[in-house]
Number of protein chains: 2
Amino acid sequence: MKTIALTVEYDGTAYSGWQRQNNGPTVQQALEEAIAHFASPAHLIGAGRTDAGVHARGQVACFRTDSAIPGPRWALALNTRLPYDIRVAASWEAPADFHAQYHACGKHYRYSFFYRPTGSALLGRYSWHVSGPLQVQAMMEAAPYFEGTHDFSACMAAGAQTRSPVRTIYRSRITPCGDVLHFDVWGNGFLYNQVRIMAGTLYYVGLGKLQGRDIPALLQSCDRTRTGPTAPPQGLCLERVYYTPHPWDDLPEA
Amino acid sequence: MKTIALTVEYDGTAYSGWQRQNNGPTVQQALEEAIAHFASPAHLIGAGRTDAGVHARGQVACFRTDSAIPGPRWALALNTRLPYDIRVAASWEAPADFHAQYHACGKHYRYSFFYRPTGSALLGRYSWHVSGPLQVQAMMEAAPYFEGTHDFSACMAAGAQTRSPVRTIYRSRITPCGDVLHFDVWGNGFLYNQVRIMAGTLYYVGLGKLQGRDIPALLQSCDRTRTGPTAPPQGLCLERVYYTPHPWDDLPEA
């Protein structure tokens with residue numbers, strides 16, 4: 001048996017998220033069906049379970065197989081059987097015990113706000129249209145307040161379960177780029193809806209409903225009702241999963 | 001009667017181009033139908049007639065109306081009646097004799113190549129997937145050979161008609177951006193399929209089938225069979241239309 005790892009890019013618009021379920025098509029299911037065209041059915045493990053409508057540029061997944069297909073060929077093979085909104089960008093043979101979820105040391109998510117009075121025909125699928133006016137400078141100053149090791153219960157979907165709500169955010173930044181604001185966040189892991197609630201909280205900062213310096217107290221309160229709304233899914237993209245032990249040493253310049 | 005001008009953004013994937021026709025839905029038709037919800041039916045004039053599948057971030061269009069709706073309100077009104085893949089980004093009252101097509105002094109088009117062995121789930125709608133390997137440096141060096149005033153018959157769709165095939169290209173550049181190559185071109189006007197044939201010619205340079213220094217002779221030959229293929233429409237986007245008399249003075253730094 002070999003372990004094959006995949007880097008997967010997908011447009012989440014048409015999917016009920018990553019994880020296989022009965023309510024609608026999922027990315028995991030589409031990939032498992034594609035694998036079954038070439039080898040015995042296999043269970044695919046993803047690094048992160050993205051929600052319905054969330055996109056990925058660098059999801060990582062793995063499966064075990066006794067197929068003779070060489071690791072790098074899997075990307076080309078699977079793409080012939082996948083819909084165009086899911087592409088395997090790369091594939092390789094990983095160490096036999098590689099586990100895409102448990103071995104992940106960090107993830108980079110990007111949340112995109114589109115802030116113009118009118119919406120965007122080209123970016124509407126990939127951003128949250130906030131018609132403003134937004135205090136962008138205040139949002140830029142607020143984002144780094146999330147950095148550090150904190151109990152992020154105040155940024156977890158109500159009712160979600162977790163063994164520990166403590167996570168480390170290595171870097172959290174807002175960058176304006178034309179009509180788009182990118183919120184980029186790197187962390188060792190994320191609670192359910194955490195990035196979208198952080199994005200919603202920064203949105204409230206942009207509206208003047210919250211201030212950046214309020215964020216430490218919001219986090220300390222562990223009170224979900226004090227943070228901002230859960231930003232809608234189409235603005236979120238899982239950009240990259242890190243497997244090196246110290247991913248924060250590798251971050252791009254701020 | 002007033003003249004209302006619009007800046008229009010659209011995802012051309014679902015449309016048979018800009019211009020109203022019998023074969024399928026067009027952007028002009030969708031906009032004229034939206035206008036007719038608020039005022040007497042009006043004929044809409046676009047700066048450029050983009051082809052089926054071509055996108056626009058900055059198409060400009062105008063129509064004449066006796067409606068009392070103020071210029072800036074039209075964008076919001078029309079967006080309530082338009083499909084999500086067409087958005088009016090801005091609207092204003094133009095001088096009464098403004099003509100979006102005849103008064104245009106220049107246009108900026110961007111053609112996007114996606115050059116990775118595997119395609120892109122997120123950019124597939126907006127780029128041409130060329131699996132390479134491409135000689136990117138050769139493409140970058142070749143692009144400026146199109147600059148200047150030339151007879152562009154060799155870059156016009158066979159059978160297309162025009163009063164004069166002479167056009168001026170102010171700037172023509174290839175810029176790598178991750179897995180994407182942007183071909184940006186500014187000119188005083190473009191022949192039918194001109195940008196897509198220029199893109200296809202640069203693609204041939206990337207493959208080593210042509211060299212940048214061949215381009216002056218290709219243009220002089222006026223022979224469509226010597227330039228590259230017509231690159232597919234989904235990579236093309238009309239970025240901006242210029243109405244100032246010297247748009248080249250206003251170009252961004254190369």
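So if I take the centroid of the Cα atoms in the range A:158-180 and the same for the range A:143-157, what is the distance between those two points in Å?
7
Long-range amide H contacts for B:HIS129: which residues qualify at under 5 Å (H placed 1.01 Å from N, peptide plane, sequence gap of 5 or more or a different chain)?
B:PHE114
Report the relative contact order of the range A:1-55, percent, no decimals, based on alpha-carbon pairs under 8 angstrom and at least 6 residues apart.
Numbers: 67 pairs, mean separation 22.9, N = 55.
Relative contact order here is 42 percent.
Work out the FRET efficiency for A:GLU33 and B:TYR84 from their Cβ-Cβ distance, taking R0 = 35 Å, and round it to the nearest 0.05.
Working: r = 29 Å, r/R0 = 0.84.
That pair, A:GLU33 with B:TYR84, gives E of 0.75.
If Lys and Arg each add +1 and Asp and Glu each add -1, what is the summed charge of the other residues whose beta carbon sits under 15 Å from the beta carbon of B:TYR109?
With Lys, Arg at +1 and Asp, Glu at -1, the net is +4.
Let me make sure I get this right: for the protein assembly as shown, a, b and c are the square roots of the gyration tensor eigenvalues over alpha carbons, sorted descending. Under 1.5 in a/c it's rounded, otherwise prolate if a/b > b/c, else oblate. Which is it?
On the way: a/c = 2.04, a/b = 1.34, b/c = 1.52.
Oblate, since a/c reaches 1.5 and b/c is not below a/b.
If Lys and Arg each add +1 and Asp and Glu each add -1, what is the summed charge of the other residues whose beta carbon sits under 14 Å from the beta carbon of A:ALA158? Show your work: numbers first, answer last.
Values: positive: A:ARG196, A:ARG224, A:ARG226; negative: A:ASP223.
Result for the local shell: +2.
Bin by bin, in steps of 10 Å, what percent of the Cα pairs in the range A:57-166 do you find, going until the bin that has the longest distance?
Reading upward from the zero bin: 9, 24, 28, 26, 11, 1.
Could you give the distance between the Cα centres of the range A:20-90 and the range B:45-99, to the whole Å?
42
Could you list the residues of the range A:78-94 with an amide nitrogen less than 14 Å from a label point located 7 Å from the Cα of A:LYS2 in the Cα-to-C-beta direction?
Counting only backbone N, you get A:78, A:91-94.
Return the distance in nm (one decimal) between the two label points of a simple spin-label model at A:ALA68 and A:GLN211, each offset 7 Å from Cα along Cα→Cβ.
The two pseudo-label positions are separated by 7.0 nm.
Between the helical axis of B:194-207 and the dominant principal axis of chain B, each derived from Cα atoms, what acute angle in degrees is found, rounded to the nearest 10?
30
Would you mind giving the total buried accessible surface between chains B and A, with a 1.4 Å probe and ligands, DNA and RNA left out, rounded to the nearest 100 Å²? Can you show the working numbers first?
Working: alone 12100 and 12090 Å², together 22510 Å².
Summing both chains' loss of accessible area gives about 1700 Å².
Given a Förster distance of 45 angstrom, what is the FRET efficiency for A:ASP97 paired with A:ALA14, based on the Cβ-Cβ distance and rounded to 0.05?
Values: r = 34 Å, r/R0 = 0.75.
The value I calculate is 0.85.
With the contact rule set at Cα under 8 Å and sequence spacing of 6 or more, what percent relative contact order holds for chain A?
Numbers: 584 pairs, mean separation 58.0, N = 254.
It rounds to 23 percent for chain A.
Report, as an integer, the average count of C-beta atoms from other chains found within 10 Å of each Cβ along A:108-121. All intermediate terms of the calculation are to be shown ahead of the outcome.
Numbers: counts 0, 0, 0, 0, 0, 0, 0, 0, 4, 6, 11, 7, 6, 18.
Mean shielding count: 4.
Calculate one ³J(HN,Hα) per residue across the range A:70-75 by plugging θ = phi - 60° into the Karplus curve 6.51 cos²θ - 1.76 cosθ + 1.60, and present them in order as whole Hz with x for glycine and proline.
Calculated HN-Hα couplings, in order: x, x, x, 7, 4, 4 Hz.
What residues of the range B:58-107 lose no less than 40 Å² of accessible area with every protein chain in place versus their chain by itself (probe 1.4 Å, heavy atoms only)?
Flagged in the range B:58-107: B:ARG87, B:ALA89.
Would you mind putting B:94-107, A:222-235 in packing order, based on average other-beta-carbon counts within 10 Å, highest first?
A:222-235, B:94-107
Please report which chain A residue places its beta carbon nearest the axis carrying chain A onto chain B, with the distance rounded to a whole angstrom.
In residue-and-Å form, the answer is A:ARG125, 4.
If I take R0 = 41 Å and measure r between the Cβ atoms of A:TYR192 and B:ASN22 in this structure, what FRET efficiency does the formula 1/(1 + (r/R0)^6) give, to the nearest 0.05?
Numbers: r = 51 Å, r/R0 = 1.24.
Between A:TYR192 and B:ASN22 the formula returns 0.20.
Given a cut-off of under 8 Å on Cα pairs at least six residues apart, what relative contact order in percent is computed for the range A:27-78?
About 36 percent, as a whole number.
Taking only DSSP H segments of four or more residues, each worth -39500 (n - 2.57), what value at 222 nm results for chain A once the sum is divided by all its residues, to the nearest 500 deg cm²/dmol?
Values: 5 runs with 45 residues, N = 254.
Helix-only estimate at 222 nm: -5000 deg cm²/dmol.
At what distance in nm do the modelled label points of B:GLU147 and B:ARG163 sit from each other, each positioned 7 Å from its Cα along Cα→Cβ?
Output for this residue pair reads 2.9 nm.
The values are calculated or read from the model by the stated rules, or taken from the named source; none is laboratory data. Predicted, not measured: the structure shown is a model, and the values here were computed from it. We place every Cβ from the backbone using ideal geometry, glycine too, and count neighbours over all the protein chains shown. All accessible areas refer to the heavy atoms of the entire protein, side chains included, with ligands and DNA or RNA removed. Shrake-Rupley method; radii C 1.70, N 1.55, O 1.52, S 1.80 Å.
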